[in-house]
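Each value in this text was obtained by applying a stated rule to the coordinates, not by laboratory testing. Here the structure is a predicted model, which means the values were calculated and not measured. Cβ placement follows ideal geometry from the backbone for every residue including glycine, while neighbour counts extend to all protein chains displayed.
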């Protein structure tokens, strides 16, 4: 059943975030209130985004890196750590040299109106998110899954806001939102399929994917979240609650193994 609930949750949360991101532009068009729309964007993002970071930090801290559940030994650990470093390096080069931005930095920054380039940048994270949870296949109520669900809301929200600022409207905007919501669920099934291929180095694939996630969280999401928490101190409440929940779920998961 989890094989259906996990991708469904990713798709629905992504589409919900995208619809929420288009709301400010509908408010502007119906009420011609730019200030109201800007306030809605800032408030939603400042409170939701730190939740994502807290869930990811809790998962990474408790489950260790890379996915240290005691099942990897010897050469498996060496391969996983090497792949993790490669994944982090890949994301660093992609962010700084190709896209010139963190693909998962969400909203709140000033970006050049690159349109499709920004969509492709966010798609990198969407693809990796799906493959990662497909490979790990964690319990539904885990820090990783909860973080991913909230992450889909915030990243899709950011995408809709960015595209709306760059005058993407109508069917083109709807199509990009639909595709964005399907990427991670499809990649989840791809990750599940890779688990059954015995000849593939699973430790390497998982380590590479986790390296991408770790670089994104530490180099992009965590500093960005810190600025939001400083700007909106009330967001600390949700951040701390989410962190406690993520750590608790991670410890519970480890107790079963």
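So here's what we get for this one:
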{"read-out": "Estimated distance in nm for a label pair at residue 230 and residue 197, the labels positioned 7 Å out from Cα along Cα-to-Cβ", "value": "4.4"}
{"read-out": "Cα centroid separation, the stretch 137-187 to the stretch 206-243 (Å)", "value": "17"}
{"read-out": "FRET efficiency for residue 251 and residue 120, using Cβ-Cβ distance with R0 set to 45 Å, rounded to 0.05", "value": "0.75"}
{"read-out": "By average C-beta atoms within 10 angstrom, highest first, the peptides 213-219, 241-247", "value": "213-219, 241-247"}
{"read-out": "Protection proxy ranking, peptides 127-136, 144-153, average beta carbon neighbours within 10 Å, highest first", "value": "144-153, 127-136"}
{"read-out": "Global form of the stretch 167-242, assessed from the alpha-carbon gyration tensor, a/c cut-off 1.5", "value": "oblate"}
{"read-out": "Computed label-point distance, nm, for sites residue 61 and residue 4 using a 7 Å Cα→Cβ extension", "value": "3.6"}
